[in-house]
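Encoded as C-alpha cells, the structure appears first; notes follow it.
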Amino acid sequence: MIFALLYLSSGGAMSDWVQGWLIKDLIWAVPAGLLIGYGMGRGVGHLMIFLRIKNADSTTSPNDFLALALIALAYVVAQSVGAFGFLSVFAAGFGLRQAEVRVTRSELPSEHVAQPVLGHMTSSLEQGTVAQVDDMSDSQLAAGVMMGDMLAFGSLVERAMEVLLITLLGAALAMYWDWRAIGLGIALFCVIRPASVWLLVSRRLLNVRQKALVGWFGIRGIGSLYYLCFALSHGLAHDVGHVVIGMTLSVVALSILVHGISIQPLLERYERSAAASPD
C-alpha cells in the first residue's frame, strides 16, 4: 500500500527506481552474484581435488595463485552479467569450502589435518605434510594441501594489501578528516553493531560472551573502502561524495585505533572467563 501511494504521488517517476534498483540491483544482481560465485567456488574446488587425486600429485602442484585466480574470475564473471562482484567473491570462498567439506565428509577443516610445510612441492608425501599420511584418505590429503596453500598465500596477500591501504588511509586523513565521524563511530561501535548482533545472531551459534565480542569488533572496517569506491563510481554527487569520503575514512581510522587498542585485553579476558566457566 505504501509503495503504491509513493508511486502515485511521484506521477510514475518511480518506474526508473523500480527498474534500476529493485529489479536490476536487488532482484537480479544480489542472487546472481551469490549463485555465480558459489557455483564457481564449488566447481573449482571439486575439480582441483579430483585432479589431484587422479594424478597422485597432492603435494607437488602449487596452489598459491589459485585463490587469486578464483577471486578475479568470480568478480569478472559476475560484473559482466550485471551482478555484484563483491558478493560473488564472498560466495566463491563459501563454495570452495563447501566442496572441501562434501568431498572429505569431515567437520574438521582439511588444512588442520594435512598442513603443507615449506618445500612440500619437492618433497614426498610424508615429508611434505604435517599429518599421518597412511591414516588419511586421498581426498583429505588433496584438500588439506590445497586449502593450506591457498589460505597461507591469501593471508600473506591480505596483510600486504592492508598495510598498503592503511598507509594510504593515513595519508588521506590529512585532507579528509571529519570530526563528525566521532559521533558516528560511537553510534556504530557502541549501539548499532552490538544491537544488530544481539538481534540477528542466535544464542545457539554464539554464547553471551562471544556475541559481546562480535558486537564490539565486528568485521574488518577496511572493507568499507570497497563500498566507498562503489558509491563514488556509481554517480554519487561531488559534494555528497566529499562528505562520504571524509566520514568513511575517519570512521575506519577510528575503528583501527579503538579496536587495535582493545583487542588484546578483551581477548585475554574472554579466554580467562571461558576457561573459568566453559558453559
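The values are calculated or read from the model by the stated rules, or taken from the named source; none is laboratory data. Fair warning: this is a prediction, and the values are worked out from it, not measured in the lab. Quick reminder, even Gly has a Cβ in these numbers, built from the backbone with ideal geometry, and neighbours come from all protein chains shown.
For residues in the stretch 158-185 being out of contact with any Leu (no Cβ under 9 Å at 6 or more places or on another chain) and of a type in the set (Val, Ile, Thr), which is surrounded by the most Cβ atoms within 10 Å (Cβ to Cβ)? Here the answer is Ile166.
Among the residues in the stretch 94-102, are any within 23 Å of the chain's Cα centre (by Cα), at pLDDT below 85 and of a type in the set (Val, Ile, Thr)? Checking the stretch 94-102: at least one residue is within 23 Å of the chain's Cα centre (by Cα), at pLDDT below 85 and of a type in the set (Val, Ile, Thr). Scanning the stretch 233-259 for residues that are at pLDDT 90 or above and either surrounded by fewer than 13 Cβ atoms within 10 Å (Cβ to Cβ) or not in a helix (DSSP H, G or I) (or both) yields one hit, Leu257. Of the residues making up the stretch 243-257, those that are closer than 30 Å to Ala83 by Cβ and in contact (Cβ under 8 Å) with a residue 40 or more places away in the chain are Val243, Ile245, Met247, Leu249, Val251, Val252, Ser255. Restricting attention to the stretch 215-232, the residues being at pLDDT 80 or above, more than 12 Å from Pro194 (Cα to Cα) and not aromatic (Phe, Trp, Tyr) number 6.
Considering Gly246, Gly235, the condition of being farther than 30 Å from Phe50 by Cα, touching a Phe, Trp or Tyr at 6+ places or on another chain (Cβ under 8 Å) and not assigned by TED's automatic domain parsing to the domain that holds Gly93 is satisfied by Gly246 alone.
Of all residues in the stretch 171-187, none are within 18 Å of the chain's Cα centre (by Cα) and not acidic (Asp, Glu).
Taking the stated definitions as given, is Arg193 more than 28 Å from His242 (Cβ to Cβ) and among the charged types (D, E, K, R)? It is false that Arg193 is more than 28 Å from His242 (Cβ to Cβ) and among the charged types (D, E, K, R).
At pLDDT 85 or above, of a type outside the set (D, E, K, R), over 29 Å from Leu168 (Cβ atoms) and assigned to a helix (DSSP H, G or I): is that true of Ala212 in this structure? Yes: the conditions hold for Ala212. Where helices (runs of 4 or more DSSP H) sit wholly within the stretch 1-76, those with at least 1 residues that are at pLDDT 75 or above and within 24 Å of Ser155 (Cβ to Cβ) occupy 30-55. Restricting Phe189, Phe153, Phe230 to residues that are in a helix (DSSP H, G or I), touching a Phe, Trp or Tyr at 6+ places or on another chain (Cβ under 9 Å) and surrounded by fewer than 17 Cβ atoms within 10 Å (Cβ to Cβ) narrows the list to Phe230. Screening Gln115, Gln140, Gln127 for residues that are exposed (fewer than 13 other Cβ atoms within 10 Å of the Cβ), modelled with pLDDT under 85 and within 28 Å of Lys54 (Cα to Cα) leaves exactly one candidate, Gln127.
For first residues located in the stretch 147-163 and in contact (Cβ under 8 Å) with a residue 40 or more places away in the chain, partners that are in a helix (DSSP H, G or I) and aliphatic (A, V, I, L, M) and lie 6+ apart or on another chain with Cβ distances below 6 Å form the pairs Met150/Leu66; Met150/Ala67; Gly154/Ala67.
Report, by residue number, each residue of the stretch 246-279 that is within 22 Å of the chain's Cα centre (by Cα) and among the hydrophobic types (A, V, I, L, M, F, W, C). If the condition is that a residue be within 22 Å of the chain's Cα centre (by Cα) and among the hydrophobic types (A, V, I, L, M, F, W, C), then Leu249, Val251, Val252, Ala253, Leu254, Ile256, Leu257, Val258, Ile263, Leu267 are the ones that fit.
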